[in-house]
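See below for the structure under consideration.
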Amino acid sequence: MFSGWPVIQGSDPESSEAVFWWLVRLRWAAVLGVALVLVLAGPVFDRLPIGSAPWLWTTVAGLSAYNTMLALLGPRRGWPWLTRFAGQISVDCVALATFVHLAGGIDNPFLPLFVLHAVNASIALPGRAALGVLGLASTLVAAVVLGEGSGLVAHHCLRQAGEPCTGGALDLWALAVLGGLVLTLVASSLFTRFLTARLRDGQRRLLATVEDLTAEKQQLAHTRTVIETERSRLQAIIDCMGDAVVFLGPGGNLLFSNQRARDLWRTGGPQDGLQSSGGLLQDKELPASGAQSAFERAGRVFEATRSLVRNAQGETLGLVMVARDVTDRLAMEKHLMHDEQMSVVGKLAAAVAHEINNPIGVVCLYSQHALGQLSPDSPVYKHLETIRRNADGCRTIIGSLLRLARPPKPDLRRVDLRQLCREAIDSVQPLAVRAGVRISSGYHTSDVPIWAQADAGMLHQAVLNLAVNAIEAASEGGEVAIGAYETQDGRIAAQAIEVRDTGEGIAHDHIAQIFQPFFTTKATGTGLGLSVAENIVKSHDGRIDVESVVGTGTTFRIMLPDRTGSDDPLRGRPDAVVAEGGA
């Protein structure tokens, strides 16, 4: 009956189901309202026509039974012609016509409610179905007015106190009410259809917009996924780089870095060792690429290339910096420079030895011959002894030059490094006594041999050179320790010979130069001892490490790779001796 204003019928099942239950709920409200009106108009005010009350309550009961059936069957079961919207609104129109006919006919104030059903049909039904309901409503209105006015059907007039029921008459007023109501039905239906069409068109546009936005959202999500995938791929590629890559924002904040940069700057930031990043970003003279600088980090030297990133308007977006570890390259360059210097020294030494060695030999020979002919008490004997001694010194220097220029290939044999150290101590003991220096094995006092594959004579000479330097560096009352031990050089087993003194130490600026030929800080030194020692150790595939603290002392450490092998049956035997050729 009074089904109310349903929402616009949608094409999707959820919308249709919502309209169905909306009509069912409103019909229950209408049934309760009609029952309340019947109670008030009947027993309370006694206005119902005589004999119509049973039929009115029967209609209420029938409408209730119909609505109960709809509630039990739901929108997807039952007879389509009876449960669909057109059927429901048609049943409501018939029920309304019954109530109006049995309760006053044209005098019933609820007769205009047919307009609501026409409006509901225009909203909830398609065009033909809505026209069908409009025709049914118009027919029912005409049947009530014309039927009762012509006497074809009985007129059940509402009772009024003291006034007899005279019945309906088909007069001008009845025709005017019929015409006005039909026109109202048609006009309201057409106007509702117009509004409904506009609303449905807006709904379609809204749905299309929602679909477009949904598609755009999906596209954006897909694009974001692609971008994140490409970013992850780019990050993985950059993380594989050996160079540290960072991107600083306009405020100097870190926006992007690779794994090498994160490992390098676990503490601090990429500005360490450089000028302020904010200053760099404000530097208008900084070129777009190629600005280089160097800095140290964790004991390594890095070369940083910085480039400003600017947009098309020339505004600075940030700073890209690529830091490359050049420690090994610098060491290689230093090594090559040293080799080049040694090559020059070698050529010079060969020429000097060729030109001087023979005359010096003649001087030594004749001075020795003359000394043999003279008595030690002769006044000339002392002068000849001085000539011979200085000639021998010249021959020693020339020998050092020759060994520096053309170091002999070592004759590798089994050598007990601890025995070699003890022999070196014995060799320099007189020099240490004259200098007032105590020399010992330090804390390397074990008698267990440490075997190495080395040339005993060459290695003995290298240790002697280091020991002489240590004794000369230690002041009177100082100490020098010479010992050997086994250690690890990274992941490689190695043997070490350590020469440690308690002298004044070496200045930091001099450490990089002490192995250069002819470099010395002593007034009487030749600057060849350490160069010769380094060449000997290098010929054994080893190196010499230096640790020095000014005012405390210096430690020279000869590192030799372990070539003996762990399966050597003589390794560690206490009865071994220095190999043949030892000093």
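Does V24 count as under 24 Å from L199 (Cβ atoms) and at pLDDT below 80?
no
Note down all Cβ pairs under 6 Å where the first residue falls in the range 553-564 and is in the same structural domain as V499 (by TED's automatic domain parsing), the second is assigned to a loop (DSSP other than H, G, I, E, B) and aliphatic (A, V, I, L, M), and they're at least six residues apart or on different chains.
Listed by first residue and then by second, the contacts come to T554/I506.
List pairs: first in the range 455-478 and under 11 Å from D501 (Cα atoms), second in a loop (DSSP other than H, G, I, E, B) and among the charged types (D, E, K, R), Cβ under 7 Å, 6+ apart or cross-chain?
E472/K522; A473/E504
Closer than 24 Å to M332 by Cβ, at pLDDT 80 or above and surrounded by 14 or more Cβ atoms within 10 Å (Cβ to Cβ): which single residue out of D489, D501 fits that description?
On the way: D501 fails: closer than 24 Å to M332 by Cβ.
None of the others qualify; the one that does is D489.
Taking the criterion of being modelled with pLDDT of 70 or more and more than 23 Å from N535 (Cβ to Cβ), would at least one residue in the range 329-340 satisfy it?
Yes: the range 329-340 contains one or more residues that are modelled with pLDDT of 70 or more and more than 23 Å from N535 (Cβ to Cβ).
For the range 393-422, which positions are part of a helix (DSSP H, G or I) and at pLDDT below 75?
G393, R395, T396, I397, I398, G399, S400, L401, L402, R403, L404, A405
Name the residue, out of L280, L286, L319, that is more than 18 Å from G242 (Cβ to Cβ) and at pLDDT 80 or above.
Values: L280 fails: at pLDDT 80 or above; L286 fails: at pLDDT 80 or above.
On inspection, the qualifying residue turns out to be L319.
Please go through the range 87-110 and give me each residue that is surrounded by fewer than 21 Cβ atoms within 10 Å (Cβ to Cβ), modelled with pLDDT under 80 and not in a loop (DSSP other than H, G, I, E, B), ordered by number.
G87, D107 - these are the residues of the range 87-110 that are surrounded by fewer than 21 Cβ atoms within 10 Å (Cβ to Cβ), modelled with pLDDT under 80 and not in a loop (DSSP other than H, G, I, E, B).
I'm trying to understand the selection: among the residues of the range 224-252, which are surrounded by 11 or more Cβ atoms within 10 Å (Cβ to Cβ), out of contact with any Gly (no Cβ under 8 Å at 6 or more places or on another chain), closer than 14 Å to M321 by Cα and not acidic (D, E)?
Across the range 224-252, the qualifying residues are I238, M241, A244, V245, V246.
Yes or no, residue by residue, for (1) crowded, with 19+ Cβ neighbours inside 10 Å; (2) farther than 23 Å from V537 by Cα; (3) touching a Phe, Trp or Tyr at 6+ places or on another chain (Cβ under 9 Å); (4) not assigned by TED's automatic domain parsing to the domain that holds A474:
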| residue | (1), (2), (3), (4) |
| --- | --- |
| L365 | no, yes, no, yes |
| S375 | no, yes, yes, yes |
| A452 | yes, no, no, no |
| D455 | yes, no, no, no |
| L459 | yes, no, no, no |
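The values are calculated or read from the model by the stated rules, or taken from the named source; none is laboratory data. Worth saying up front: this structure is predicted, and the values here are computed from it rather than measured. Every residue, glycine as well, gets a Cβ built from its backbone with ideal geometry; the counts of neighbours run over all protein chains shown.
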